[in-house]
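To keep things clear, I will list the structure first and then write my remarks on it.
The values are calculated or read from the model by the stated rules, or taken from the named source; none is laboratory data. Just so it is clear, the model here is predicted, and its values are computed rather than measured. Virtual Cβ from ideal backbone geometry, glycine too; neighbours counted across all protein chains shown.
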Amino acid sequence: MAYTQPGNTPLHKKEVKKVKAKGGGTKKVCLPKAKIASMSKEERQKVINAKRAAGAKGKYKRSSKSNVTGTSSGGDLKTWVKQDWRQVADPSKKCGEKWVYQT
């Protein structure tokens, strides 16, 4: 039985529609240094552009069309983490370093 307020009108809870949070997209792309070195300039630019487009839309992940093949998974997480991860836009910077978007 529903709780009734004085005056015999039932108390209904408003249903709140859940929505995904927008924004927070990142525009930085990181790959292992060896993979960046083996990619052509066009391949690097394609990945960078896809990530920036996704970030501009507030998304975290880039399009699967720009997935990079040939990266070594190494078999386990420990090997994967130990790789030298660099920013594709500026390989001189490590993945976690501050990055400034330049047009």
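Every condition in (1) farther than 20 Å from Gly96 by Cβ; (2) in a helix (DSSP H, G or I); (3) at pLDDT below 80 holds for Gly58 except the one numbered (2).
Taken as a whole, the structure places Ala50 among residues that are assigned to a helix (DSSP H, G or I), modelled with pLDDT of 75 or more, over 20 Å from Glu97 (Cα atoms) and hydrophobic (A, V, I, L, M, F, W, C). Taking segment 76-94 as the range and being among the hydrophobic types (A, V, I, L, M, F, W, C) and farther than 17 Å from Met39 by Cα as the test, the residues that pass are Leu77, Trp80, Val81. Among the residues of segment 37-47, write down those that are surrounded by 15 or more Cβ atoms within 10 Å (Cβ to Cβ) and in a loop (DSSP other than H, G, I, E, B). The answer is Met39, and nothing else. Of everything in segment 52-74, what is within 16 Å of Ala34 (Cβ to Cβ) and either exposed (fewer than 14 other Cβ atoms within 10 Å of the Cβ) or not β-branched (Val, Ile, Thr) (or both)? Give them in sequence order. Across segment 52-74, the qualifying residues are Thr69, Gly70, Ser72, Ser73, Gly74. Tallying residues that are surrounded by fewer than 10 Cβ atoms within 10 Å (Cβ to Cβ) and either at pLDDT 90 or above or touching a helix residue (DSSP H, G or I) at 6+ places or on another chain (Cβ under 8 Å) (or both) within segment 7-36 yields 0.
State which residue pairs qualify: first residue charged (D, E, K, R) and inside segment 48-69, second residue assigned to a helix (DSSP H, G or I) in any location, beta carbons under 6 Å apart, and separation of 6 or more residues or different chains. From residues that are charged (D, E, K, R), the pairs are Arg62/Ala50; Arg62/Lys51; Arg62/Ala54.
Scanning segment 61-92 for residues that are modelled with pLDDT under 90, in a loop (DSSP other than H, G, I, E, B) and hydroxyl-bearing (Ser, Thr, Tyr), we see that the one that is nearest to Thr26 (Cα to Cα) is Ser63.
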